[in-house]
Amino acid sequence: MAITKDLTARYLQAFEMLRAEGVSRREFCGKTGIVYTNLFSIEKGLRSPTLAQVVLLVQEYGISAEWLFRGIGFPRYTRLKQDEIIGNIRQKFEKFRSEMDDELNIFNR
């Protein structure tokens, strides 16, 4: 699979987003397998990340593969969105648990 200019641009967007969150260049390079000088070359548009480096970005930082490869959706759920999703799951679980308790009570009578 060829790494497109669009994918490289989104890769750099993800890198900048992570930098804004406090991820150091050293940490980023270590987790994504990029040699520091190659990261500089990617930033300058002289080269593209490898497919393995893109996959590591997805795995290590939770960046959306669909967003990276196709430009669809969001780079990553925001903390607010994560909290909303977790809240919805908890709410559904509590409802399910309540329904199951009601069912068990019928048999225990």
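Please treat every number below as a calculation from the coordinates, not as lab data. Not measured: the values here are computed from a predicted model. Reconstructed Cβ throughout: ideal geometry from the backbone, glycine too, with neighbour counts over all protein chains shown.
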Q) Among the residues of the range 26-45, which ones are within 19 Å of PRO75 (Cα to Cα) and basic (Lys, Arg)? A) LYS31
Q: Determine whether GLU60 is within 16 Å of the chain's Cα centre (by Cα) and exposed (fewer than 14 other Cβ atoms within 10 Å of the Cβ).
A: no
**Q.** Count - residues of the range 16-38 that are without any contact (Cβ under 8 Å) to a residue 24 or more places away in the chain and not in a loop (DSSP other than H, G, I, E, B)
**A.** 12
